[in-house]
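*Asks:* Got a structure for you, questions after.
Please treat every number below as a calculation from the coordinates, not as lab data. Remember, it's a predicted structure, so these values are computed and weren't measured experimentally. Note that we place each Cβ from the backbone using ideal geometry, even for glycine, and neighbour counts take in every protein chain shown.
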Amino acid sequence: MGAAYSPPMTDPAAEAVEQRPWDIAVVGGGIAGLAAAWMLSRRHRVTLFERQPALGFTAASVAAHGQRVDVPLRVFYPGYYPTLTRLYAALGVASEPVSYATTFSGADGEPYFRWRNLRWGGRSWPLVAPQDLFGARARRIAFGALALQRRLRAALAGGGLGEATIGEFVEAERIDRDCVEGLLWPALATIATCTTEDARAVPAATVAGYWGAGLARDSVRRAVNGADDVAARLVAPLARVVCDAGVERVQAGPDGVQVHRRGGVQERFDHVVLATHATQALQMWADAPADEAALLARFRTRSLRVLMHRDERLMPRRQRHWSPVHAHVDPAAERPESTIWLNAVQPSLREAPPLFQTVQPQREPRAGTLVAEARFERAIVSTESERALAALRTRWARPDPARRVWLAGSYAETGVPLLESAVRSALAVAVSLGVARPLSTA
Ligand SMILES: Cc1cc2nc3c(=O)[nH]c(=O)nc-3n(C[C@H](O)[C@H](O)[C@H](O)COP(=O)(O)OP(=O)(O)OC[C@H]3O[C@@H](n4cnc5c(N)ncnc54)[C@H](O)[C@@H]3O)c2cc1C
């Protein structure tokens, strides 16, 4: 046996006095891996491996008009992101409020609904202006949204939502069809970057948790200096960062974990954190216990494209209908297309020529307007994934002194797979590996 391992149930602070620092490998340079590596480096020697030529969190970022632009652009709001908010505070990352007001248009390109963003006294409210109630459909959507919010709240207060999916909930509650098809599915499929079918299968409790954490009150925010600045602060204390380092296999043995990388490179570590999607972790983890492997196999991801471009045709036809976000909802398409008007969201681009980021494009930008293209995998939340996660967490809570391989990632905590769940999963691993107060600012 290598270093004795005290399970997470013991007092990590007491252990910190006795325990020598471990050599820990973190596999994956997304936000989960970066946050785990940063927290673990408070006590241990940490090496981060990323398979792409640059850290996954920033690998797709591009330069445009003399600025770095995050691809994808990521926002958060403090109510739903308490752990990310604490991490940014500990890192000294500044954030600023941005408007994510949205115009929804149909297959014909005509807007049918729009909500604006009223900001006052540091607060923010979604607002449907009288002039935006374009017609009876827009009014049905607005009233349907209020009814949905009320019923979700009532269901939560009345004992919870059980395992109902949001699709089942809106059917049972007879929420107006226009609201469901025209607002709920496009909004949810944009937030979770998934198909409309995936959106229907999201647990109703997950939706209630996301909307109920203050979204109608807090402004969404972005890191002022973008993902590059966040990543630079997170890797600063690490012993080593190795990009272009695809890990092929990790194998735990009596004296640690062997990490096998592309090109036949092999290294030994005391512990390894697999901070990737569940399926990717499963591919690498050669000797995963059978029950854990079976649970990891129950998580799914969805792959998607993001385009940076200058084609105004992907925005509403008339500029007066433009909002920072445009959801193009074609009922015949499997997913909504959403276009972020970057100039309206990133203050340093305000004076620059129009620049857009289209997520899940259903139409291609005109030739010559494409600036960059990137592909991503996104974890999908469903009743099935929540069940698998509950079983995994029960397993992880059992003290296991022999455990050397740990899992983090946006799928590994409850709720919508976002930056928050990724950072929360990193925090859980850091605590398990004996880091006392991983998010303290001291
Ligand atoms: C278009 C889009 C918009 C989004 N917008 C938001 C938003 O506004 N707010 C928000 O909170 N969230 C948003 N998200 C979700 C958020 O980005 C993710 O939930 C989060 O980044 C996931 O982080 P992660 O570290 O768990 O996974 P990932 O970011 O996928 O990181 C995993 C890393 O592991 C690496 N890796 C995989 N296999 C190996 C291997 N074998 N060896 C070495 N490295 C490996 C990968 O290259 C990758 O870098 C968005 C996602 C997308 C796609």
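*Asks:* Return the sequence-ordered ³J(HN,Hα) values of region 215-224 in whole Hz as given by the Karplus equation 6.51 cos²θ - 1.76 cosθ + 1.60 applied to θ = phi - 60°, using x for Gly and Pro.
*Replies:* Values per residue, Gly and Pro as x: 4, 7, 9, 7, 7, 6, 10, 10, 5, 4 Hz.
*Asks:* Please give the calculated 222 nm ellipticity per residue for the chain, where each DSSP H segment of at least 4 residues contributes -39500 (n - 2.57) and the sum is spread over every residue; nearest 500 deg cm²/dmol?
*Replies:* Details: 14 runs with 133 residues, N = 442.
Computed ellipticity for the chain at 222 nm equals -8500 deg cm²/dmol.
*Asks:* With axes computed from alpha carbons, what is the tilt in degrees of helix 82-91 against the longest principal axis of the chain, rounded to the nearest 10 within 0 to 90?
*Replies:* Tilt of helix 82-91: around 70 degrees.
*Asks:* Which distance in Å, rounded to a whole number, links the C-alpha centroids of region 238-255 and region 75-146?
*Replies:* 41 Å
*Asks:* Would you work out which of GLY121, ILE166, ALA138 lies farthest towards the positive end of the dipole of region 117-183? Charges go on Cβ: Lys and Arg +1, Asp and Glu -1.
*Replies:* Value: GLY121.
*Asks:* Right, another one. Mind giving me the nanometre distance, one decimal, between the label points for ARG318 and ALA352, set 7 Å out from Cα along Cα→Cβ?
*Replies:* Rounded to a tenth, the inter-label distance reads 2.9 nm.
*Asks:* Once you treat every alpha carbon in region 95-241 as an equal point and sum by Debye, what is log10 I(q)/I(0) at q = 0.09, 0.17, 0.18 Å⁻¹?
*Replies:* -0.36, -1.05, -1.13
*Asks:* Another question about this same structure. I need to check one value: relative contact order of the chain, counting alpha carbon pairs closer than 8 Å and at least 6 residues apart, in percent. Present the calculation step by step, with values, prior to reporting the outcome.
*Replies:* Working: 897 pairs, mean separation 116.9, N = 442.
After rounding, I find 26 percent.
*Asks:* While we're on this one: From Cα pairs below 8 angstrom and at least 6 apart in sequence, can you work out the relative contact order of region 144-199, rounded to a whole percent? Present the calculation step by step, with values, prior to reporting the outcome.
*Replies:* On the way: 23 pairs, mean separation 20.3, N = 56.
That works out to 36 percent.
*Asks:* Here is a follow-up. Tell me, what is a quarter of the convex hull surface for the C-alpha atoms of the chain, in nm² with one decimal?
*Replies:* Its Cα hull, projected and averaged over all orientations, spans 22.0 nm².
*Asks:* For region 31-135, just the Cα atoms, rotate onto the principal axes and tell me the three extents in Å, largest first.
*Replies:* Answer, in whole Å and largest first: 61, 33, 26 Å.
*Asks:* Let me ask something additional. Have a look at the DSSP beta bridges in the chain and tell me what percent are antiparallel, nearest 5. Working shown, then result.
*Replies:* Values: 51 of 72 bridges.
Once the DSSP bridges in the chain are tallied, antiparallel ones form about 70 percent.
*Asks:* So what J values fall out for region 389-395 if you push phi through Karplus, 6.51 cos²θ - 1.76 cosθ + 1.60 with θ = phi - 60°, rounded to Hz, Gly and Pro as x?
*Replies:* Working through the residues one at a time gives 5, 4, 5, 4, 5, 4, 5 Hz.
*Asks:* Let me ask something additional. Size of the dipole of the chain about the Cα centre, Lys and Arg at +1 and Asp and Glu at -1 on the beta carbon, nothing else charged, in debye to 20? Don't skip to the answer; put the middle values down first.
*Replies:* Details: 53 positive and 44 negative charges, 190 e Å.
Once rounded to the nearest 20, the dipole reads 920 debye.
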